[in-house]
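The values are calculated or read from the model by the stated rules, or taken from the named source; none is laboratory data. Computed from a predicted structure; not experimentally measured. Here the Cβ is made from the backbone with ideal geometry for all residues, glycine too, and neighbour counts use every protein chain on show. Heads up: the accessible areas ignore ligands, DNA and RNA and are worked out on the full protein's heavy atoms, side chains in. Shrake-Rupley method; radii C 1.70, N 1.55, O 1.52, S 1.80 Å.
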2 protein chains.
Amino acid sequence: MSEKPEHRTEHRPPREERPPRDEQRPRGQIPPDTVFIGKKPLMAYATAVMMHFNSGSKKLTVKARGKSISHAVDVVEVVRRRFFQGKLNVKEVRIASETLGEEGDTRNVSTIEIMLERLD
Amino acid sequence: MSEKPEHRTEHRPPREERPPRDEQRPRGQIPPDTVFIGKKPLMAYATAVMMHFNSGSKKLTVKARGKSISHAVDVVEVVRRRFFQGKLNVKEVRIASETLGEEGDTRNVSTIEIMLERLD
């Protein structure tokens, strides 16, 4: 917040020297029909889900980990009630655990996968 | 936490004048084979789930609302992995919305129901 935008290029390496976004946050195991829910506001994700279905797709999986699990359920419920009025079906909900961290310093985090299906 | 137990009766109305707990937090629709997850530490709920199955029951539904949804998934995953080593099955997970509040001042809250089944 205290960083002034006009000085940004002096403090951060230029775009070419930074690793591409894909390498900063590995998305290797996330298939294309997936929205991963994090800490952004609900409407950011709700819009992403809407756009996905408006582009013609019939299926989408919403995934989240840890404290974002509640947020993911909120996103799905808001999209379902407010934007789709019953035409979006929750096909399946799966819960599981993932192991994070390096060897010797691992911890488990809960995960959720919500499979959505457009009905019309 | 700062409330001293010996003064409690001076600051709170005696038990007879307070509404019974059922009216403070309606549990009318919660059947007996249910654990409702709130803000207590994870192990409090994990113990409750363990005790339920150790008393001979084969089924249990874990329910939560709002931000406690993530906590509910954590409880289920910890019990499943640490205490049951695969002998506890997540039969079904349902997500939905509930409307809270009085007429004219309502809001929706997301809910989760996790149906568990003991396998042995």
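Just to be sure I understand the interface: list residues from the stretch B:85-99 that lose 30 Å² or more of accessible area between the chain on its own and the complete protein assembly, 1.4 Å probe.
So the qualifying set is B:93, B:95, B:97.
Hey, which residue of A has the C-beta nearest the axis mapping A onto B, and what's the distance in Å?
A:93, 2
Taking a point 7 Å out from Cα toward Cβ as the label site, list the nm distances between residue B:86 and the same residue in every other copy, smallest first.
Copy-to-copy label distances for residue B:86: 4.4 nm.
Tell me the distances, shortest first, between residue B:104 and the same position across the other copies, using label points 7 Å along Cα→Cβ, in nm to one decimal.
6.5
Mind checking the full-extension length gain between residue B:117 and residue B:82? Use 0.36 nm per residue of separation minus the Cα-Cα distance, one decimal, nm.
Full extension of this stretch gives 11.0 nm more.
Averaged across orientations, what area in nm² does the convex hull of the alpha carbons in the stretch A:29-118 project?
Working: hull surface 23.8 nm².
Average of the hull's projected areas for the stretch A:29-118 equals 5.9 nm².
Points 7 angstrom from Cα along the Cβ direction at residue A:89 and residue B:67: gap in nanometres?
3.5 nm
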